[in-house]
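The values are calculated or read from the model by the stated rules, or taken from the named source; none is laboratory data. Keep in mind that what you see is a predicted model, and the values were worked out from it rather than measured. Only protein heavy atoms, including side chains, enter the accessible area calculation; ligands, DNA and RNA are left aside. Shrake-Rupley method; radii C 1.70, N 1.55, O 1.52, S 1.80 Å.
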Amino acid sequence: MEASATGDKPALLRVEGLLKDFGGLRAIDHCSFSVREGTITGLIGPNGAGKTTMFNVITGFIQPDAGHVFLGGDDITGLAPNEIFAKGLCRTFQIPREHQSMSVIENLMLVAPGQLGERFWNCWIRPGEVRRQEEEIRARAEEVLRFVELTHVAEEYAGKLSGGQKKLLELARTLMTEPKIVLLDEPAAGVNRTLMKRLSENIETLRRERGITFLLIEHDMNLVMNLCDPVIVMSEGRQLMEGRPEEVQRDSRVLEAYLGGQYAAAEG
């Protein structure tokens with residue numbers, strides 16, 4: 001990824017002075033960083049650095065004790081997850097949360113926003129419009145499945161997919177919402193190399209062709225160093241540094257954070 005392609009872009013997501021305590025444990029310690037529009041930004045750090053807690057605060061699953069989160073020019077601090085989702089910020093989870101008893105294509109159709117059929121009376125007074133919209137949503141879902149190469153399992157129960165296929169399904173579900181930014185929580189976890197290559201290529205294509213911004217947590221350093229630019233490093237709840245992948249790899253503070261004793265701590 002060329003630095004000039006995104007270096008002059010504005011910050012799409014800004015985290016300013018976030019603080020989160022759990023009893024006597026400080027998971028996030030006045031942390032600040034920004035994610036520029038059109039980038040694939042990596043968020044790395046040893047176990048216990050606060051990365052997952054940071055995702056949960058940004059997406060409204062946990063409320064911060066102090067600080068702010070901005071999406072574009074909007075302060076989204078304290079909003080509920082569904083309100084943040086409606087503003088174009090989506091996330092995936094380290095453990096996929098598919099609806100196991102629904103088919104793959106039904107999982108996609110379910111998340112499409114603004115569905116007339118969600119209000120039962122529309123099925124009585126506007127049945128033609130409801131039917132036309134459902135057809136449009138299904139066509140959109142089929143298009144997304146083609147993109148992630150899951151058309152061959154479209155009618156399978158989502159619970160029967162492999163771990164890698166479930167990660168592709170998670171990405172596909174976010175695409176049904178036409179997001180501005182997607183937060184990916186360990187997309188490589190439990191994924192074989194073939195599917196990981198496909199997922200990586202999909203992420204880069206979405207950034208390049210559709211302008212979607214990504215922020216991802218990942219422990220697979222090969223993936224981070226090949227896909228992400230810039231890379232943000234967290235340690236003990238704070239931002240340790242930010243830089244290009246090659247700068248991060250050489251930084252003595254990063255090596256100390258990973259090898260200096262806190263690496264075995266529980267994830268924040």
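Ligands, DNA and RNA aside, His152 has an accessible area near 130 Å² when probed at 1.4 Å. Along its first, second and third principal axes, ordered by size, the stretch 131-237 spans 51, 28, 24 Å in Cα coordinates. Ranking Lys180, Lys9, Lys160 from most to least accessible surface, computed with a 1.4 Å probe over the protein chains only, gives Lys160, Lys180, Lys9. Percent of Cα pairs in the stretch 161-200 per distance bin of 10 Å, from zero to the largest separation: 31, 55, 14.
Counting pairs on different chains as well as pairs 8 or more places apart, how many Lys pairs in the chain have Cα atoms under 17 Å apart? The number of close lysine pairs in the chain is 5. How large is the helix-only mean residue ellipticity at 222 nm for the chain, computed as the sum of -39500 (n - 2.57) over DSSP H runs with n ≥ 4, divided by its residue count, in deg cm²/dmol to the nearest 500? Here the helix-only value at 222 nm equals -11000 deg cm²/dmol. Expressed per residue, the C-alpha convex hull volume of the stretch 202-249 stands at 84 Å³. Across the chain, the fraction of Cα-Cα pairs farther apart than 26 Å, rounded to a whole number, is 44%. At the listed q of 0.16, 0.21, 0.24 Å⁻¹, the Debye profile of the stretch 16-106, built from one uniform point per Cα, gives log10 I(q)/I(0) equal to -0.74, -1.16, -1.39. The relative contact order of the chain comes to 30 percent, based on Cα pairs under 8 Å that sit 6 or more residues apart. Across all C-alpha atoms in the stretch 60-110, the radius of gyration and Dmax reach 14.1, 41 Å.
A full extension of the chain between Arg250 and Ser101 corresponds to an added length of 49.0 nm, given 0.36 nm per residue minus the alpha carbon distance.
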